[in-house]
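Shown next, in structure tokens, is the structure this report addresses.
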Amino acid sequence: MEPSQDLALRQKQEVATKEERTVPGRYYAPVTDIYETDNGLMIVMEMPGVTKERVTVDLQGDVLRIEGQIDFSQYKDMEPVYTEYNIGHFVRTFSLPGKIDREKIAAQLEDGVLTLTLLKVLEAQPRRISIS
Amino acid sequence: MALFPGPFDPLLRLQEALDAFRTSSWLDTGPSAAGSYPLCNVFRNGDDYVIITEVPGVKKADLGVQVKGRTVRLSGTKAVDYAEKTSVHRRERLAGQFDRAITLPFEINPEGVKAECRDGILALFLPRAEADKPRSIAVT
């Protein structure tokens with residue numbers, strides 16, 4: 001994408017869940033891009049303030065659940081005087097298609113952006129058949 | 001008393017405190033361009049102030065911070081790049097340039113300003129200028 005235009009503003013989306021939580025605190029849905037390459041699916045999520053140790057990626061059946069916890073202890077002793085956004089943990093779930101290899105899910109976190117690499121099972125990858 | 005006191009209490013308090021200052025007129029003294037990217041929170045830590053913004057996916061090299069007088073200028077470029085030959089299923093991340101100036105209601109000591117960017121969070125530590133700090137007067 002051309003980075004020449006001005007960056008538009010987007011407010012954080014709070015997560016609306018079917019079940020209610022038993023612990024207080026707000027959760028936000030991380031902004032996510034999903035794109036497909038020849039051999040896999042990439043999920044890119046923005047989770048500012050989440051460190052590597054605080055990301056959990058769970059796969060239960062077909063449901064991939066990604067949660068990022070904020071370490072809010074660094075806000076201790078800080079008194080807000082002016083605010084434009086709120087802070088909360090991040091959570092989002094995705095249901096995976098059957099063509100994803102469950103064993104080969106890799107995750108990488110850089111500059112607050114989590115990238116998940118999901119490889120397709122071999123049968124679903126494109127092949128070129130050579131003509132003999 | 002909470003039945004399950006624990007790690008969520010401070011978070012809830014922080015979230016409530018952040019909401020309470022959402023309508024603060026603290027920055028009304030200057031053209032602060034409220035509500036443009038990136039969103040800023042300002043905290044007070046003793047005599048000093050901290051501006052915290054969320055800039056996920058912005059590289060340190062693409063960030064610019066300038067301080068002059070009472071004004072802090074934040075600029076940069078955010079790029080969202082993908083390899084060729086991909087088909088996009090969902091696109092929510094935005095790319096582009098940003099440039100925002102924030103005028104604070106106090107003098108900054110420009111020598112002492114520190115900027116840290118980690119995990120997509122940019123924190124600007126702004127020490128209040130010595131001349132601007134309140135002095136306690138001894139009552140005789």
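List every residue pair whose Cβ atoms lie under 7 Å apart, where the two residues are 6 or more positions apart in sequence or sit on different chains, the first residue falls within segment B:2-29 and is on the phi > 0 side of the Ramachandran plot, and the second residue, located anywhere, is β-branched (V, I, T) and modelled with pLDDT under 70.
Listed pairs, sorted by first residue: none to list.
Look through B:A129, B:A95, B:A101 and report the one residue that is over 14 Å from B:I51 (Cα atoms), away from every other protein chain (no Cβ under 11 Å) and small (G, A, S).
Numbers: B:A95 fails: away from every other protein chain (no Cβ under 11 Å); B:A101 fails: over 14 Å from B:I51 (Cα atoms).
Criteria check complete, one pass: B:A129.
Quick check on segment B:99-116. Is at least one of its residues within 14 Å of the chain's Cα centre (by Cα), at pLDDT 90 or above and of a type in the set (K, R)?
The first filter runs over segment B:99-116 and keeps only residues within 14 Å of the chain's Cα centre (by Cα), leaving B:99-104, B:113-116.
Next cut, at pLDDT 90 or above only: B:113-116.
This time we only want the ones that are of a type in the set (K, R), so: B:114.
Yes: one or more hits.
Quick check on my filter: what residues within segment B:77-91 are of a type in the set (D, E, K, R) and under 25 Å from the mean Cα position of the chain (by Cα)?
Going through segment B:77-91, the residues of a type in the set (D, E, K, R) turn out to be B:78, B:81, B:84-85, B:90-91.
The answer is B:K78, and nothing else.
Quick test for you: out of A:Y85, A:Y75, A:Y35, pick the one residue that is touching a helix residue (DSSP H, G or I) at 6+ places or on another chain (Cβ under 8 Å), aromatic (F, W, Y) and surrounded by fewer than 20 Cβ atoms within 10 Å (Cβ to Cβ). Outline the logic, then answer.
Numbers: A:Y75 fails: surrounded by fewer than 20 Cβ atoms within 10 Å (Cβ to Cβ); A:Y35 fails: touching a helix residue (DSSP H, G or I) at 6+ places or on another chain (Cβ under 8 Å).
Only one candidate passes the filter, namely A:Y85.
Can you name the residue in segment B:78-87 that is over 16 Å from A:V113 (Cβ atoms) and of a type outside the set (G, A, S) and, of all such residues, is farthest from the other protein chains (Cβ to nearest Cβ)?
We begin by selecting, within segment B:78-87, every residue over 16 Å from A:V113 (Cβ atoms); these are B:84-87.
Still in the running and of a type outside the set (G, A, S): B:84-86.
Working: B:E84: 10, B:K85: 7, B:T86: 5 Å.
Per the stated criteria, the residue is B:E84.
Give me the strands (runs of 3 or more DSSP E) completely within segment B:29-140, filtered to those with at least 2 residues that are surrounded by 14 or more Cβ atoms within 10 Å (Cβ to Cβ) and touching a Lys or Arg at 6+ places or on another chain (Cβ under 8 Å), ordered by residue number. Can you show your working first?
Values: elements: B:40-45, B:48-54, B:63-68, B:71-78, B:87-90, B:96-103, B:114-118, B:121-126.
Counting at least 2 such residues, we get B:48-54, B:63-68, B:71-78, B:96-103, B:121-126.
The values are calculated or read from the model by the stated rules, or taken from the named source; none is laboratory data. Everything quoted here is computed from the prediction, not taken from an experiment. Glycine gets a Cβ as well: all are built from the backbone with ideal geometry, and neighbour counts include every protein chain shown.
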